[in-house]
Amino acid sequence: MGFDYQRRDDGIVVVTMDMDGQSANTMSQVYHDLMGATVARLEGEAGLKGVVIASAKKTFFAGGDLHALLANEGADAAYRAWLNEDKGFLRRLEQLGAPVVAAINGAALGGGLEICLACHHRVIVEDRAAVTGLPEVTLGLLPGAGGCARLPWLTGLAPALDLLLSGRMMAPAEALDLGVIDELVPSREELLPAALAWIHAQTEPPVQPWDRPVAPRSEVEMAKARTLLAETRARIMAETRGLLPGPLKIVELVEAGLVMEVDTVLALESRLFCDLLGLPETRAAITLNFFAANALRSGKLRPDGPRHRIEALEITGDGADALTALAHKRRITVGPAPLKAQVAGDEILLGEAGKDPLRLHRSGPVVEIHAGAPAATARAYDLVQQLGLMPLVVRGAFLDRLRAALQDEVQHLLTEGNAPGALAARAHAAGLDLTLPEGDGPVADDATDRLLTRLSLAALTCLAEGVLQHEAEADLATVQAAGFPRHLGGAVQYAREQGPDAFLARCDALADRLGDRFRPSSALRAYLRDAKSYAA
């Protein structure tokens, strides 16, 4: 169906997005063509009273086509022109001279929220599934369809920076409080009546805040804004070490919005978005934070077996307090129960009386589950997820092998005469933290490359040996619990980004020079060349 276009007798057009062959509406070439044709048709409507933008899907609009964005190796002039035309459709929509309302029946994220921001009024259903947000920063990008240009006008500078730089989702009530949403209705059936009522109540053509004449900001206001932006930049540099370009470009864009008219900001937004497209950091973020994270959330990485909802858990042992606190937070009753967890530090034995318990090992937010009977393994997996932690089913050591490989290479570098403090500083600048004594001195140019390659080799060897089954969970675990730099997407993505042949050649070159610890096994070579990336 695409976009269903219905003009009512009262002169209001209801456009219902229902893109063919997709479970959700997404921004793509198909969307581009549909929105372009729809806006042109609206501009030709005589006596247009108003427009309602709605969705026939469970969600309102899911955002960009990430497979296409991942495959894009860079934005040329043609792509930038296409992007400007794409956002130009939304600009024309808000300048129709008739009121436009978004009737938001479910999640409106990324480009979906940007469509809503270009409407004059936003009505959302009071449902926890109807979340809104601009998560592009988590994908190495920035909102490219007007989000950075429009959001600060609705929320103010500080809340806009928070939303844009965190990428977090808002429940309907918070979105209403912040001014992102204008109206809440109790049910989906009330969305259209509320949208129609608002349109009928308008006596003058609505004008967006960014299109109204406004007095220039005072020197005091500008000074406060510049201070906030400077503090925000400093925080970003401290958190990312300058390794993630997206957040800094968002700040640049928001700052431009303080002094530039909206059309200039929209054009700058396109240029900065295109600067990010195709970067290795962007591909890494999309792969890790979307494809890997979604594989974990969706259950694709879960072992076979019946699903469990743990209602009660008995926790004993010297290290029980932390697990008890997590269980209480997740509303699991702690006390005498058939399922028992015996805790000793980071080690957990989980099982029922009379049965062999499974061994679990917690490393920060990651819990390694040493596989046992299928049903027991699946139950442990469900419990770990229920506790808000990341389950990782292993058949042998994984995280310990990564840490051992890292420490071994650190020791080799120190033995070769690299200064501990300088080595730690070089590693820190690359996103990898080492605990070493301070001090200046020489450090090899390829030091961080060697450290990262050893970690990547260790992770890939574990996959090739069947210690764990999925590259997605390997990447998530290496970032969350083994200290692998997030901007590289994980230890496996680090090799995938180079390409199998280039990575293996690099390992062989290091092995020829430094020893067989860098030599990939035949199993690893076969695995890396045969297995497909989970983001393919």
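Since every read-out is calculated from the coordinates, none of them should be taken as a lab result. Computed from a predicted structure; not experimentally measured. In this analysis, Cβ positions are derived from the backbone assuming ideal geometry, glycine residues included, and neighbour counts consider all displayed protein chains.
Taking R0 as 22 Å, what's the FRET efficiency between ALA502 and SER522 from their Cβ-Cβ distance, rounded to 0.05?
Efficiency, rounded to the nearest 0.05: 0.75.
Quote the FRET efficiency, to the nearest 0.05, computed for GLU352 versus ARG529 with a Förster distance R0 of 51 Å and r equal to the Cβ-Cβ distance.
Once the sixth-power term is evaluated, E becomes 0.75.
Apply the a/c threshold of 1.5 to the C-alpha gyration tensor of the range 351-453 and tell me whether it is rounded, prolate or oblate.
Verdict is prolate for the range 351-453.
Using only the alpha carbons of the range 2-278, what is the convex hull's orientation-averaged projected area in square nanometres?
The directionally averaged projection comes out at 14.5 nm².
Take ALA337 and GLU204, extend 7 Å from each Cα along the Cα→Cβ direction, and tell me the distance between the two endpoints in nm.
6.1
With +1 on each Lys and Arg Cβ and -1 on each Asp and Glu Cβ, and nothing else charged, work out how big the dipole of the range 331-400 is about its Cα centre, in Debye to the nearest 20.
Dipole about the Cα centre, nearest 20: 180 debye.
Where in the range 502-536 is the amide nitrogen less than 20 Å from a point lying 7 Å along the Cα-to-Cβ axis of HIS67?
Inside the label zone: 531-536.
Rounded to whole Å, give me the distance from the Cα center of the range 341-378 to that of the range 408-433.
About 35 Å separates the Cα centre of the range 341-378 from the one of the range 408-433.
Which order do the peptides 395-408, 277-290, 95-108, 439-452 come out in when sorted by mean C-beta neighbours inside 10 angstrom, highest first?
95-108, 277-290, 395-408, 439-452
Lys and Arg at +1, Asp and Glu at -1: add these up for the other residues within a Cβ distance under 11 Å of ALA397 and post the number.
0
Tell me, what is the FRET efficiency for LYS224 and ALA197 to the nearest 0.05, using R0 = 35 angstrom and their Cβ-Cβ distance as r?
0.35
Quick check: from the Cα gyration tensor, does the range 14-159 come out rounded (a/c under 1.5), prolate or oblate?
rounded
Taking the Cα centre of the range 358-436 as origin and charging only Cβ (+1 Lys, Arg; -1 Asp, Glu), how large is the dipole, in debye to the nearest 20?
That gives a dipole near 280 debye.
List the trypsin sites (Lys or Arg not before Pro) within the range 117-181 that fall in a DSSP loop (any state other than H, G, I, E or B) and whose Cβ has at most 10 other Cβ atoms within 10 Å.
Loop-located and lightly packed - ARG128.
Quick one: net charge around LEU387, please, counting Lys, Arg +1 and Asp, Glu -1 for every other residue with C-beta under 9 Å from its C-beta.
+2
To make sure I understand the rule: partners must be aspartates and glutamates, Cα under 13 Å from the Cα of LYS532, and not fewer than 8 residues away in the same chain. Which ones qualify?
GLU471, GLU497
What net charge is computed for the residues neighbouring PRO303, neighbours being all others with C-beta under 12 Å from the C-beta of PRO303, Lys and Arg scored +1, Asp and Glu -1?
Counting the neighbours of PRO303, the net charge comes to +2.
Given points 7 Å out from each Cα along the Cα-Cβ axis, report the ASP440 to GLU231 separation in nanometres with one decimal.
With each label point 7 Å from Cα toward Cβ, the separation is 3.4 nm.
Positive end of the dipole of the range 1-137, charges at C-beta (+1 Lys, Arg; -1 Asp, Glu), about the Cα centre: which of TRP82, PHE60, GLY97 has its Cα farthest in that direction?
The residue sitting most towards the positive pole is GLY97.
Hey, can you rank 223-229, 129-135, 352-358, 175-181 by average C-beta count inside 10 Å, highest first?
129-135, 175-181, 223-229, 352-358
Of the lysine pairs in the range 2-278, how many meet both conditions: Cα atoms under 29 Å apart, and a spacing of 8 or more in sequence or different chains?
Count of close lysine pairs: 7.
Send over the per residue convex hull volume for the range 202-311, Cα only, as a whole number of Å³.
262
Using packing as a proxy for protection, rank 7-13, 260-266 so that the peptide with the highest average count of other Cβ atoms within 10 Å comes first.
Descending packing order for the listed peptides: 260-266, 7-13.
Quick one: if you take sqrt(5λ) for each eigenvalue of the C-alpha gyration tensor of the chain, what semi-axes come out, biggest first, whole angstrom?
46, 30, 22
Treating the beta-carbon of each Lys and Arg as +1 and of each Asp and Glu as -1, no other charges, what is the dipole magnitude of the range 438-493 about its Cα centre, to the nearest 20 debye?
140
Classify the range 312-394 as rounded, prolate or oblate, taking a ≥ b ≥ c as the square roots of the eigenvalues of its Cα gyration tensor: rounded when a/c is under 1.5, otherwise prolate if a/b is larger than b/c and oblate if not.
rounded
Calculated from DSSP H runs of 4 or more alone, at -39500 (n - 2.57) each and per residue, what is the 222 nm mean residue ellipticity of the chain, nearest 500?
-15000 deg cm²/dmol
HN-Hα J couplings of the range 18-24 from phi, Karplus 6.51/-1.76/1.60, θ = phi - 60°, integer Hz, Gly and Pro as x?
8, 5, 5, x, 10, 6, 9
Between LYS329 and GLU43, what length comes free when the chain is fully extended (0.36 nm per residue of separation minus the Cα-Cα distance, one decimal in nm)?
97.7 nm
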